[in-house]
Structure formats: C-alpha cells, structure tokens
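Beneath this line is the structure, given in structure tokens, with notes to follow.
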C-alpha cells in the first residue's frame with residue numbers, strides 16, 4: 001500500500017512540474033474555463049456554459065427546455081420542438097400521438113399521415129390493419145392479390161395451412177397445381 005502511495009506522489013509531482021500547475025488553495029474557487037492547452041485539448045467550459053471563440057458563455061435555457069447531457073447546450077422538453085433558440089409546442093392533430101423522442105407526432109394505428117393531420121387508412125374487404133397500423137393483412141382464408149384479398153379455393157383432400165393464407169394437401173396427397181393428387 002505504501003508503494004502505491006509513493007508512486008502516486010511521484011506521478012503527481014511529475015505532472016505538476018511538467019505542466020507548470022501550481023496547487024490551488026481550497027479557498028480559491030474558479031468559475032472560468034479550465035486551461036487545458038498544455039494537454040492539447042483546448043479549453044473546457046464548466047457545466048452550464050459553452051465555448052464561444054476562446055471564451056465560455058452561459059447557456060441560455062429557454063422555457064420548456066433543460067440543459068443537455070453535456071451541459072453545453074439546451075434540449076427541449078417532451079412535447080416541444082427546437083426552433084432556433086426557443087422551444088415551441090408540437091401541435092398534435094386528432095388521431096395522432098407524440099413520438100418517443102417527444103419532438104414530433106405520428107398517426108395512431110389505422111391512420112396515415114396526410115399533410116398536417118391523420119386520415120383513416122382505406123379499409124379493404126376481408127382484411128385487417130396490422131397491430132402497428134402501418135399496413136393491412138388479409139383475413140384467414142384469403143390471400144393478397146394486388147391491392148385486394150381474394151378467397152382461397154381449398155380443393156378436395158386439402159385444408160387451410162396454419163397461417164390461413166394458402167392450402168396444404170392432406171396426408172397421402174401431394175399438390176399438383178391447384179388440386180391434391182394421391183401419392184407422395
């Protein structure tokens with residue numbers, strides 16, 4: 001343990017001597033930027049300030065905003081969108097909801113974006129909108145054909161497949177076009 005302490009003292013002494021850093025007294029408080037030029041990283045501004053040329057200036061946080069994770073800029077709260085140096089409310093139309101990042105809106109399932117609003121998706125016969133609401137799927141017993149759903153013709157000795165979108169031949173029969181023939 002003593003060896004580690006002595007190593008730390010030697011390293012600290014080397015850094016102080018090399019960089020010309022003088023130990024600050026506890027009574028000294030610094031609110032200006034930290035000079036790191038000797039380390040090659042430029043100036044680092046304190047939390048709540050950002051770099052402007054060679055100086056650090058206070059970040060102006062508008063209403064409905066907070067400092068970002070780095071403390072050098074602001075970020076709008078959920079439901080608000082950045083416009084220049086301000087945060088404006090996101091206008092959410094009927095049948096819409098706020099996006100996960102809170103800066104925009106998206107249409108509810110069963111609706112699609114059209115201009116500045118949401119309009120119902122066209123309902124197709126024998127189809128339902130998928131759970132995400134972004135496209136439609138044919139009901140069981142129907143298959144997609146272009147932009148419609150057509151009934152699946154199940155031939156003798158066959159049944160609907162597990163997905164319900166085609167037929168499969170019964171055991172002992174094999175598919176031959178649109179029918180099931182005996183044999184394997």
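The values are calculated or read from the model by the stated rules, or taken from the named source; none is laboratory data. The structure displayed is predicted, hence computed values, not measured ones. Neighbour counts run over all protein chains shown; Cβ positions are idealised from the backbone, glycine included.
Among the residues of the range 59-75, write down those that are more than 17 Å from residue 86 (Cβ to Cβ) and over 20 Å from the mean Cα position of the chain (by Cα). Full working, then the answer.
Residues of the range 59-75 more than 17 Å from residue 86 (Cβ to Cβ): 69-72.
Result: 71, 72.
Return yes or no: is residue 51 more than 30 Å from residue 130 (Cβ to Cβ), part of a strand (DSSP E or B) and in contact with a strand residue (DSSP E or B) (Cβ under 9 Å, 6 or more places away or on another chain)? If you could, list the steps in order and put the result at the bottom.
Working: more than 30 Å from residue 130 (Cβ to Cβ): yes; part of a strand (DSSP E or B): yes; in contact with a strand residue (DSSP E or B) (Cβ under 9 Å, 6 or more places away or on another chain): yes.
In short, yes.
On the given criteria, is residue 23 modelled with pLDDT of 90 or more, in a loop (DSSP other than H, G, I, E, B) and exposed (fewer than 12 other Cβ atoms within 10 Å of the Cβ)? Against the criterion (modelled with pLDDT of 90 or more, in a loop (DSSP other than H, G, I, E, B) and exposed (fewer than 12 other Cβ atoms within 10 Å of the Cβ)), residue 23 does not qualify.
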